[in-house]
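Worksheet: one structure, shown below.
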Amino acid sequence: MAGCGQDLETVPADVLTPDQMTSFLIQVHIAETKTVNGGFPLDTSLVMYQYYHQRILDRMKLDTGLVNRSLRFYSRSPKQTSLIYEKVVDSLGLRNSTANDRF
């Protein structure tokens, strides 16, 4: 991936770094999977997701304002978002592969 770092917008100090955003999104996707695949009614799944989401924020010491600013910034920076999601997909794929290997 020669030249990946070219033409990337500078990340403002008041948003998550690409690595932090990657970690956050990995955790969010895991929480979504737990709630969607849990077989619970929709209202229960929503409550569970809110609980998981708050735990992610607490564990990563984030607040919703920071997350929302970060989501807005990265939504306007498709190259950086693409690089972040490459890492997210790789990490989730590795987790899935590792989990499947245990069986």
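Quick look at the numbers
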| read-out | value |
| --- | --- |
| Gain in span if fully extended, ASP58 to VAL89, counting 0.36 nm per residue against the direct Cα distance | 8.8 nm |
| Relative counts (whole %) of C-alpha pair distances in the chain, using bins that are 5 Å wide | 2, 11, 19, 19, 19, 15, 9, 4, 2, 0 |
| Computed magnitude of the charge dipole of the chain (debye, nearest 20; Cβ of K, R +1, Cβ of D, E -1) | 140 debye |
| Net charge of neighbours whose Cβ lies under 13 Å from the Cβ of LYS34, counting Lys and Arg as +1 and Asp and Glu as -1 | +1 |
| Neighbourhood net charge (12 Å Cβ-Cβ; Lys/Arg +1, Asp/Glu -1) for THR22 | -2 |
| Angle between the chain longest axis and helix 18-36 axis [Cα atoms, degrees, rounded to 10] | 20 degrees |
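No value in this document is a laboratory result; all are computed from the given coordinates. Since the structure is predicted, the reported quantities are computational estimates derived from the model, not experimental observations. Ideal geometry is used to build each Cβ from the backbone, glycine not excepted, and the neighbour counts take in all protein chains shown.
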